[in-house]
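See below for the structure under consideration.
The values are calculated or read from the model by the stated rules, or taken from the named source; none is laboratory data. Because the structure is predicted, anything quoted here is derived from the model rather than measured. Here the Cβ is made from the backbone with ideal geometry for all residues, glycine too, and neighbour counts use every protein chain on show. Accessible surface is based on the protein model in full, side chains and every heavy atom, while ligands, DNA and RNA are left aside. Shrake-Rupley method; radii C 1.70, N 1.55, O 1.52, S 1.80 Å.
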Amino acid sequence: DLVINAPDNSADNIYIKEMKLNGKKYDLNWISQDDILKGARINLKMSASPELKRGIDPKSAPYSFSDNNK
């Protein structure tokens, strides 16, 4: 099963402040298909303002074919 918990999600709290995947802090901006197929528990802390330090490392971005042209 894939379970996504975001208890503070609302019209005002539209930004992810913190994410945990299976109980561990998760700063990537993508989740692998393998993790989803295994079953995962995603816990999101939501906020009214964006967390500007989360997921900004280049390694946090998903794979892109355009990166092969560099």
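Just to check your reading of the model, which residue among Asn13, Asn29, Asn9 is in contact with a Gly (Cβ under 6 Å, 6 or more places away or on another chain) and surrounded by 12 or more Cβ atoms within 10 Å (Cβ to Cβ)?
Asn29
Scan Lys45, Lys20 and give me the residue that is free of Cβ contacts under 8 Å to residues at least 60 places away in the same chain and open to solvent by 100 Å² or more (accessible area, probe 1.4 Å).
Exactly one of Lys45, Lys20 is free of Cβ contacts under 8 Å to residues at least 60 places away in the same chain and open to solvent by 100 Å² or more (accessible area, probe 1.4 Å), namely Lys45.
If Phe65 satisfies every condition in (1) open to solvent by 80 Å² or more (accessible area, probe 1.4 Å); (2) at pLDDT 90 or above; (3) not small (Gly, Ala, Ser) but one, which is the exception?
(2)
Across the stretch 11-51, what is the number of residues that are closer than 22 Å to Asp1 by Cα, part of a strand (DSSP E or B) and of a type in the set (Gly, Ala, Ser)?
Qualifying residue count for the region: 1.
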